[in-house]
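Trainee: One structure is given below, represented as structure tokens, and several questions about it will come after.
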Amino acid sequence: MTRAIALGLIMLITLLLVSGCNTIRGAGEDLQQGGEAIQRAAS
């Protein structure tokens, strides 16, 4: 059960990254914005 959930999350994240950006640079920017959002939420 846990393995299925983990696999589903990995597939979802991969899908979001692929659909949200067309280049490696875009992927880096998306990851950076995600990290900044996490930092804002944590503070």
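The values are calculated or read from the model by the stated rules, or taken from the named source; none is laboratory data. The shown structure was predicted, so the numbers you read here are calculated from the model rather than taken from an experiment. Glycine also receives a Cβ, built like all others from the backbone with ideal geometry; neighbour counts cover every protein chain displayed.
Trainee: Does any residue in the stretch 27-43 that is under 20 Å from residue 16 (Cα atoms) come within less than 8 Å, Cβ to Cβ, of a residue that is assigned to a helix (DSSP H, G or I) and hydroxyl-bearing (Ser, Thr, Tyr) six or more places away or on a different chain, and which pairs are these?
Mentor: none
Trainee: Given the conditions (1) at pLDDT below 85; (2) surrounded by 10 or more Cβ atoms within 10 Å (Cβ to Cβ), which single one is not true for residue 23?
Mentor: (2)
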